[in-house]
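Peer 1: Below: one structure in structure tokens.
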Amino acid sequence: MSSVLALVLLVLVYLLTLASLDPWDVALGAGLAAGVLVWARRTLSAPSAIGAAVLVGRIARFPLFAGAVAREIVVGTWQVALVVMGVRRLSRPGIVAVPIGDRTPAGLAATALALTLSPGEVLVDIDRSRGVMLVHVIDAHDPDAVRARHDHFYRRYQRGVFP
């Protein structure tokens, strides 16, 4: 019964997103929802490499991570606003190579998403051969400070949630 309810709820979300009740949209939504449910069951029901205690720890640390991302968004917005309003000069934007370190692929994706959410920074590329992320920053006058900030963010906030 819970699978049917999940399927119906997913289809409803899909239809609300489209703002449509067209039969073809209902059919496509049902197909997509069924695919998501099959994928989720296989992925989430498979024996996990991490234990329940580790998962609970990651969930418990997520609010701190989300708060740190929110703070980075506010700081980045403020810095970009100062440049746009002419209060601060755009003196040295550029690309900084930030070491990937011991990030897993999922951790690397989380890092990319978190840093791109903040105005003033965007992930340009990942150079696996050099083991670095190429990040365009609005103020690259001190690349070592940018690298240190990203390393601190990863160690303090992200590693416990998305290693």
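The values are calculated or read from the model by the stated rules, or taken from the named source; none is laboratory data. Values in this document were obtained by computation on a predicted structure and should not be read as measured data. Neighbour counts run over all protein chains shown; Cβ positions are idealised from the backbone, glycine included.
Peer 1: Is at least one residue of the stretch 9-22 part of a helix (DSSP H, G or I), of a type outside the set (Ser, Thr, Tyr) and at pLDDT 90 or above?
Peer 2: no
Peer 1: If I filter the stretch 40-61 for residues that are modelled with pLDDT of 85 or more and surrounded by 13 or more Cβ atoms within 10 Å (Cβ to Cβ), do I get at least one hit?
Peer 2: Taking every residue of the stretch 40-61 in turn, at least one turns out to be modelled with pLDDT of 85 or more and surrounded by 13 or more Cβ atoms within 10 Å (Cβ to Cβ).
Peer 1: Which ones in the stretch 134-163 are without any contact (Cβ under 8 Å) to a residue 60 or more places away in the chain, more than 14 Å from Gly101 (Cβ to Cβ) and of a type outside the set (A, V, I, L, M, F, W, C)?
Peer 2: Listed by number, the residues that qualify are His136, His141, Asp142, Pro143, Asp144.
Peer 1: Keeping to the stretch 130-158, report how many residues are in contact with an Asp or Glu (Cβ under 8 Å, 6 or more places away or on another chain) and not in a helix (DSSP H, G or I).
Peer 2: Summing the residues that are in contact with an Asp or Glu (Cβ under 8 Å, 6 or more places away or on another chain) and not in a helix (DSSP H, G or I) in the stretch 130-158 gives 6.
Peer 1: Tell me, yes or no, whether the stretch 140-148 has at least one residue that is closer than 16 Å to Arg92 by Cβ, modelled with pLDDT under 95, within 14 Å of the chain's Cα centre (by Cα) and not basic (Lys, Arg).
Peer 2: The answer is no; no qualifying residue exists.
Peer 1: Has the stretch 83-91 got any residue that is part of a helix (DSSP H, G or I), surrounded by 14 or more Cβ atoms within 10 Å (Cβ to Cβ) and modelled with pLDDT of 90 or more?
Peer 2: Taking every residue of the stretch 83-91 in turn, at least one turns out to be part of a helix (DSSP H, G or I), surrounded by 14 or more Cβ atoms within 10 Å (Cβ to Cβ) and modelled with pLDDT of 90 or more.
Peer 1: A further question on this structure: So which residues in the stretch 73-119 are more than 21 Å from Arg130 (Cβ to Cβ) and without any contact (Cβ under 8 Å) to a residue 12 or more places away in the chain?
Peer 2: Matches in the stretch 73-119: Val74, Trp78, Ala81, Leu82, Val84, Met85, Gly86, Val87, Arg88, Arg89, Leu113.
Peer 1: Let me ask something else. Please go through the stretch 112-163 and give me each residue that is small (Gly, Ala, Ser) and buried (at least 19 other Cβ atoms within 10 Å of the Cβ), ordered by number.
Peer 2: Residues satisfying the conditions are Ala114, Ser118, Gly120.
Peer 1: Could you say which residue among Val98, Val122 is assigned by TED's automatic domain parsing to the domain that holds Val74, part of a strand (DSSP E or B) and either at pLDDT 95 or above or on the phi > 0 side of the Ramachandran plot (or both)?
Peer 2: The match here is Val98.
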